[in-house]
Amino acid sequence: MIWSQSFARIAWIAGVFSLILGGLLVYNSVRLYRGPGNGKVRLAEARELAPLKSALREDPKNDALKQQIRELDRELRLDYFRREQLASRAGWTLLGSAIVFITALQLAAGLRKPVVRIPNITTRRENPVKTAALAAKTVAGTTLALAGLATALFWETNNQWQGGLATSTKNPGTPAATAPANDPAWFPTDEEIAKNWPRFRGPDGSGITKLTDLPETWDAPSGKNLLWKTAIPLPGENSPIVWGDRVFLTGASNKAREVYCFDAKTGSMLWKEPVSIPQSTRAEPPEVMEDTGFAAPTAATDGRRVFAIFANGDIAGFSTDGKRLWARSLGTPENMYGHATSLTLWRNRVIVVLDQGGAKDAKSKIMALDSNTGEPVWTTPRPVPNSWVSPILIKHDGREQIVTSADPWVIAYDPATGKELWKAKCMKGDVAASPAYANGLVYVASDQSCIAAIKPDGTGDVTDSHIAWQNDEKGLPDTCSLLCDGPRVYTSIYGVFHAFDALTGKHLWAHDANAKSQASPALVNGRIHLLTTDGIEIIGEAGAEGFKETGRATLGEGTGATPAYAPGRIYLRGKKHLFCIGKKDGN
Amino acid sequence: MTRIFLLGIMALILMAGLDVASAVERFPPPDFSGGHEVPVTVVPKPEPRSAGWVDVAVLALGLGAASWLSIRKRSRKGIVILSILSLAYFGFWRRGCVCAIGSIQNVALGIADPGYAVPLVVIAFFTLPLVVALIWGRSFCSGVCPHGAIQDLVLVKPVKVPTWLDEILRVFPWIHLAAAILLAATGSLFIICKFDPFVGIFRMAGPRTMLAAGAGLLVVSMFVGRPYCRYMCPYGALLGMASRFSKWRPTVTPDTCTQCRLCENSCPFGALNPPMPAKQGIERIASGRQRIVMMVVMLPLAALLFGWVGGKAGIASLPVHPDGRLATLVLAQERGELTGPAPDELAAFRKHGSEQHAVFAKAQVLESRFLTIGRLIGAAFGLAMALKLARILFPESSNDYETDHGRCVSCARCFSACPYELVRRGIPVALPKEGGGNG
Amino acid sequence: MPKNPSNLSRRDLFKSGVRGVWLLGFGSAAGFLSGRENTGETRWQIDPDKCIQCGRCATECVLEVSAVKCVHSHGMCGYCKLCTAYFEPEPINLDEGAENQLCPTGAIERKFVEDPYYEYNIIPDLCVGCGKCVKGCNMFGNGSMYLQVNHDRCINCNICAISTACPAQAFVQVPAGKPYLLRGKKEVAK
């Protein structure tokens, strides 16, 4: 009992001490943090010094005032740091005394109890059934009350953003906020797309332009038909894209990634914007082949926004005025040569094919990002290893499809949902040539397998049912994409040009242009255009019998990019410059 | 003179363009003729702290020890020592982070957002105590959780909370859990961490309100057993649910129960159940068929009702998310509804932000997310409440005094109230007859 | 009272089943989450490009004195005689007098190098992370001063209290191995 009493006394002392110390701490903290803002405005400096400082400003020569400010400043700072230190020490002391208090209390309480006590219990036993009934009523009542309260509280709450509020916020004071520009569901019409060159190989990714007023010859070094040329800050193998009077390109090094916009009329750079995402800026840059570089994928635009992806998996959306809308890192793709697949657009979605790693890694995927926000809308895994094919968007029998090609599967997806529509097993090795669509057939090829034509109206695995023809004799392309002018499909490998019958797959002829080419061939004004790595544009007519070269044009700079076509103009990207070719007299 | 000159310079700079976002070289770094060496930027290295796996190891050891002490060893003293150690390690040394209670939020965010990788340590902290609860009951609460330990250690004179109040208050952990999951899964805010009462005490620092709440709750804990665990802890709600299905759990008596009623008031947490007569007693609340019909009606009804409420609550919480808040602010400014100085959010948005319609589009996506997740969580909450009711309506019949399967936190206090336990420990006592002294 | 064995076993069976389902659920959730491409441990940091120097870093940190402090990348500094990070707007004189200094704790040291260049150093022990100097440097200077979470002090809360209060969403989680987002090129850990 003696012990118990002394513990009780200790508890008393420690308790009173803790209380006093706690009070002091509160007082100190009030002194330390005066003023508003979470009760934590550090230093009274602003309040007490400010009037003196402004007085000094009125009377800059007043040395006494100056001295006063300096002394008060010193005093305030010392006070601040002293109190801070005090607070920290007092905190630990308080903890100590609280521990003493509680321990003493527990011991006092424990010692007061006799060790063994078996008393007679005289209270009435509670009826457990009654208790349960009370508990059930309470729980039910509380739940109902809660539901009622929440209903009353949120009765007025309605989804305001989904009701198209975002689009209806027009304010006369801000002319920039026009309704359609704010509409997240907006996308360009097919006609608008067809008029421009919004992606790799043109509006439909076919490499065919319907324009007829394009120059047939040029010589950039001598200035013939050269409208302008502008230096590009960072290198890249991506091709120019054009919408209206703006030309877009991207460039990247192992450190920096940039998107450029050029004025189509003058060639002056309208804007350049970096794509820097903190996490990936600090990550190791991907390993890429020199031929691929860090900016191989071509950008895409819908006329209001432009989207760019880089070898490190950074993807960003800008307004065509150069305002960054969003940026995200998709993670560095594991790619032997470097990521090179270009972007495709479908309505207000950016379609990204991220084929990476080996076939067993299961890391490849195709995804659609919301072009307003960059948020993924759907993601579908792809059972293929790294590939370099840019997908094409086709519409066959009213069914829109994104056609991809990789080892071994050629797969078509529903652009709205990402569901697999059909797939065919016919490719092998490093697949890089982008498919072509004509005659109701999808043409695919790779240099280690074959060139094949597939009927895109099947579902599921169509390997055995829908491959119209297949040919693996010769002329299979490595990087250059396929071109189909109707009767014939053309491939190009190492500067040798091959033609196949588009309906039977029969190899027709080969033409050796004695030049190396990385760019994909194009069909301009009925003639085949093929840009070599030395910057020579080989132009010729292809027929059933063979190829007849009709002319050559010179860029004067090496290149791996595919040209873009706009009314009266051809845009070519050299290793260092962007060239605009057009007839000088005409417009 | 100098002053005018300086003002001139400033004005020039101001005109040169104020809204340049960030690091721009307005003044080129000088070439020093005297060969002055430009210092390199120095940043302090991270303080070496125990690695994550050490925490996991301590947690696993603690869980094992707590289970052994409460079920095999039946030692209150051991549990107290373990509590002190856990409080020192997880509380004051690790300063409250990493913690199983907070891990709910990481896991919720991880499940909802495929772009968020939950650290393995956090996954372990979430899973281990729950798995242990399925096997040996809430050992985590007894002496491993620093929050539980600090409350348990300061409990001096427990007061019995009346049944009706206890039942009302026990709904709050579920509300806390639902709100925490909703806000975490949408990536808005981790409210468990933000409104944690004790972490301020562990850090000996924090917002004044947090410290005051912690101190206040500790004073309450001296008289009401574990108020946070019983009436606030969202993880406790989960653990309780798991431990209802545990394989083993602490029993009051090591031997047989003679219903001597000596232990009746030994549990300060309201987790000791008196014998529940089989069938005929319960039938008095409602007949078996009535109860089954009630359940069949109640379960879907509760899910639907609270699903609807949850969706509404979700939408209402949109401004808690930074993007939702920004969109709301931008809209308010657009409509001229904003009074007072523009908040910093808008300043930041104007300075660096993206286009307005992108912000709105984000809000649109977010809102539908809030709605979906809110509905799901609301429905789950409704089901939890209905099941709570079901558990009361379908009690397990037992002849003995038993620890409540969900509520017992394995603190080992009730053991020494049982005369058979005293016999087990070798203390000579006269065993009482059945039903207490006047039974 | 004899126990009813059949009733008991039915309940036990039910319980075992539920237990199994729970375990399976935890297992698959844990597996699902840990199977995700794990970025490893992270630390909180400020993206200096997003920071608008609102001053909340000084007040919102759970620590008594904020873990956020100013960092100076000397390589980017213009060594200005009139440093807008050091001096109040409209200073009386360009000297070290308290009446001219912007920093409320006097945490910036100003050293003469050669005419007209001055070197500025942050004294971390005095810095409270209010960001006044950062605002001055970013608005009128090169932006060589910026706020960073100092990881000798940061306790890496599950959710950083400042990050939830940051109006510019400038707080990001970075890999623990490289916990700073420094400007300029030269970076060395002490």
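Read-outs throughout are calculated quantities, based only on the coordinates presented, and are distinct from any laboratory measurement. Small disclaimer: the values here were computed from a predicted structure and weren't measured. Backbone-built Cβ (ideal geometry, glycine too); neighbour counts: all protein chains shown.
Residue separation times 0.36 nm, minus the C-alpha to C-alpha distance between B:Phe172 and B:Ser266: what's the value? Mind showing how you got there, number by number?
Numbers: separation 94, 0.36 × 94 = 33.84 nm, distance 2.48 nm.
Extending this stretch completely gives an extra 31.4 nm.
Classified by the C-alpha gyration tensor, the protein assembly as shown has an oblate form. Its axis ratio a/c, with a ≥ b ≥ c, is 1.5 or above, and a/b does not exceed b/c. The angle between the Cα long axis of helix C:5-34 and the longest principal axis of the Cα atoms of chain C comes to about 30 degrees, rounded to the nearest 10.
Summing -39500 (n - 2.57) over the DSSP H runs of n ≥ 4 in chain B and dividing by its residue number, what mean residue ellipticity at 222 nm do you reach, to the nearest 500 deg cm²/dmol?
Working: 19 runs with 240 residues, N = 439.
The helix-only estimate for chain B comes to -17000 deg cm²/dmol at 222 nm.
Summarise the partner chain shielding of B:204-212 as one whole number: the mean count of Cβ atoms from other chains within 10 Å of each residue's Cβ. All intermediate terms of the calculation are to be shown ahead of the outcome.
Details: counts 8, 9, 5, 8, 7, 2, 2, 4, 1.
The per-residue average across the peptide is 5.
Cα gyration tensor of segment C:11-168, axes a ≥ b ≥ c as square roots of the eigenvalues: rounded (a/c below 1.5), prolate (a/b > b/c) or oblate? Since a/c reaches 1.5 and a/b is larger than b/c, the shape of segment C:11-168 is classed as prolate.
One Cα centroid belongs to segment C:62-102, the other to segment A:352-378; the line between them spans 46 Å.
Mind checking which lysines have their Cα closer than 21 Å to the Cα of A:Lys66? Skip sequence neighbours fewer than 8 apart in that chain. Correct list for A:Lys66: A:Lys53. Within straight-line reach of C:Lys81, meaning a Cα separation under 17 Å, sit the following lysines at least 8 residues removed in sequence or on another chain: C:Lys111.
Candidate cross-link partners of C:Lys178 among the lysines, defined by an alpha-carbon separation under 18 Å and a same-chain spacing of 8 or more, comprise A:Lys255, B:Lys45, C:Lys69, C:Lys186, C:Lys190. Whole-Hz Karplus values for segment A:544-561 come out as 5, 8, x, 10, 10, 5, 10, x, 9, 10, 10, 9, x, 8, x, 7, x, 8 Hz, taken residue by residue from phi with 6.51 cos²θ - 1.76 cosθ + 1.60 and θ = phi - 60°; glycine and proline positions read x.
Which residue, B:Lys77, B:Lys247, B:Lys45, has the most motion in a Gaussian network model of chain B that connects Cα atoms within less than 10 Å? Evaluated over chain B, the most mobile residue of the options is B:Lys45. Ratio of Rg to Rh for chain A: 1.24 [Cα atoms; Kirkwood radius as inverse mean 1/r over pairs].
Every Cα-Cα pair in segment A:401-548 was counted, and those over 28 Å apart are 17% of them.
Quick one: grab the alpha carbon gyration tensor of chain B, order the square roots of its eigenvalues as a ≥ b ≥ c, and give me rounded if a/c is under 1.5, else prolate or oblate depending on whether a/b is larger than b/c.
Note, shape of chain B comes out prolate.
Please give the average number of partner chain Cβ atoms lying within 10 Å of the Cβ of each residue in B:167-176, rounded to a whole number. The partial results should precede the final answer.
Values: counts 10, 6, 1, 4, 6, 1, 0, 2, 2, 0.
Rounded to a whole number, the mean comes out at 3.
What do you get for the angle between helix A:2-32 and the principal long axis of chain A? Use alpha-carbon atoms, 0 to 90 degrees, nearest ten. Relative to chain A, helix A:2-32 is tipped by roughly 50 degrees. Taken as Cα centroids, segment B:308-374 and segment A:66-108 sit 42 Å apart, rounded to the nearest whole angstrom.
A simple packing score, the average count of other Cβ atoms within 10 Å per residue, orders the peptides B:419-431, A:299-311, A:216-228 as A:299-311, A:216-228, B:419-431, with the highest score first.
Distance from the alpha carbon centroid of segment B:103-125 to that of segment B:160-211 works out to 19 angstrom.
Are there trypsin sites (Lys or Arg not before Pro) in segment A:485-537 that DSSP puts in a loop and that have at most 16 other Cβ atoms within 10 Å, and which ones? Qualifying residues, ordered by number: A:Lys506, A:Lys516. Over all Cα atoms in segment B:284-393, the spread is summed up by Rg and Dmax: 21.1, 69 Å.
Inter-chain Cβ neighbour count for C:150-163, averaged per residue, equals 6 (cutoff 10 Å, partner chain atoms only).
Taking every DSSP beta bridge that has both residues in the protein assembly as shown, what percent is antiparallel when rounded to the nearest 5? Antiparallel bridges make up about 95 percent of those DSSP assigns within the protein assembly as shown. Each of B:Phe90, A:Phe7 was scored by other Cβ atoms within 10 Å of its Cβ. Arranged with the fewest first, they read A:Phe7, B:Phe90. Principal-axis analysis of the Cα atoms of chain B puts helix B:120-136 at an angle of about 10° to the longest axis.
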